[in-house]
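No value in this document is a laboratory result; all are computed from the given coordinates. Because the structure is predicted, anything quoted here is derived from the model rather than measured. When we count neighbours, we look across all protein chains shown, and the Cβ atoms used for this are built from the backbone with ideal geometry, even at glycine.
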């Protein structure tokens with residue numbers, strides 16, 4: 001009788017332990033989310049800025065909030081330019097709530113990037129950049145930031161689309177922006193967009209508004225890694241300026257409009273007085289509306305820059321990163337079926353033209 005009771009009780013204990021393990025078990029998806037968050041949250045910061053009043057009738061300093069993240073143990077922080085623009089006082093709070101005064105090391109309005117610096121009491125946790133060029137639509141991404149001041153908030157989603165555009169005079173953000181459905185709200189700007197390995201593949205920069213849900217945008221990591229070192233060492237980014245707005249020629253455009261060739265960059269507009277205008281590059285003259293998308297046909301098609309073939313806008317951007325203002329380059333174009341080679345002297349991009357999202 002004693003052994004039967006003992007055996008029965010042990011069975012109950014065993015079943016309870018099995019039930020507890022099942023109840024507490026996490027899926028691989030959840031385990032990955034938790035691991036990424038526990039590591040990355042220590043590098044994400046909350047940024048508060050005070051700015052001069054913009055209205056003389058209301059002489060109260062304006063307050064701007066956003067997110068950022070450490071990229072070095074010495075306290076270098078990446079964030080958005082539009083958060084710290086015109087700020088005269090910047091406070092940074094780390095994941096433990098410690099607050100530091102921050103100084104602006106450098107800003108780059110065209111890409112909406114800025115680097116801040118604090119003097120940390122101890123080496124800070126930091127995030128590393130991955131490669132956004134290998135992202136796939138549907139791939140999981142995680143955003144950590146401070147939406148509406150709610151510190152250390154994690155949202156999870158997917159890459160919804162690639163090659164989006166935001167207003168900017170630089171080709172770096174032309175058809176190169178990451179779109180995600182991870183929930184993003186005011187206060188998330190400047191925070192990291194992470195992949196499943198915890199690497200930064202984008203920097204949150206904007207949301208589609210008003211009344212849009214789960215449509216957010218991030219600056220790709222490749223753009224950030226080109227600009228950030230210059231902001232740290234020089235305080236600004238030096239980049240060449242061409243002065244065109246163009247779009248990739250896609251199979252869709254070829255099918256709809258019979259564009260030739262089937263690869264290249266179709267020049268939409270040329271900025272008056274720009275190096276492109278002086279070189280004789282021509283924009284389009286026929287406006288076509290596809291839903292809310294505006295396409296301008298009839299312009300030159302860029303098929304090469306220097307010795308490099310051009311299949312998309314990113315090919316031009318990557319080639320331009322090897323040059324400085326004042327350099328001479330050659331552009332190979334197709335104009336009404338004729339192949340031309342034009343010489344162009346690169347200008348210097350004027351950040352005043354930028355309008356922050």
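In the chain, the DSSP-assigned H stretches of four residues or longer account for a calculated mean residue ellipticity at 222 nm of -6000 deg cm²/dmol, using -39500 (n - 2.57) per stretch and the full residue count as denominator.
Here the residues 67, 196, ranked from fewest to most Cβ neighbours within 10 Å of their Cβ, fall in the order 196, 67. Which angle from 0 to 90°, rounded to the nearest 10, does the C-alpha axis of helix 221-233 make with the longest principal axis of the chain? Once rounded, the angle reads 80 degrees. Ordering 200, 242, 156 by the number of other Cβ atoms within 10 Å of each residue's own Cβ, fewest first, gives 156, 200, 242. Helix 28-40 and the longest principal axis of the C-alpha atoms of the chain enclose an angle of approximately 80°. The residue 262 and residue 150 beta-carbon pair, evaluated with R₀ = 45 Å, returns a calculated FRET efficiency of approximately 0.40.
Computed on the chain, with alpha-carbon pairs under 8 angstrom and 6+ residues apart, the relative contact order is 13 percent. Note on Cα extents along the principal axes in Å: of the candidates (1) 60, 41, 36; (2) 70, 50, 37; (3) 100, 53, 40, the value calculated from this structure sits at (3). How high is the relative contact order of the range 132-233? Use alpha-carbon pairs under 8 Å, at least six apart in sequence, and give a whole percent. Relative contact order comes out at 25 percent.
If R0 is taken as 22 Å, the Cβ-Cβ distance between residue 209 and residue 57 corresponds to a FRET efficiency of 0.25.
Between residue 88 and residue 128, the FRET efficiency from the beta-carbon distance, with R0 = 35 Å, is close to 0.65. Counting only alpha carbon atoms, the long axis of helix 2-24 and the longest principal axis of the chain meet at about 20°. Residue order for 89, 175, fewest other beta carbons within 10 angstrom first, comes to 89, 175.
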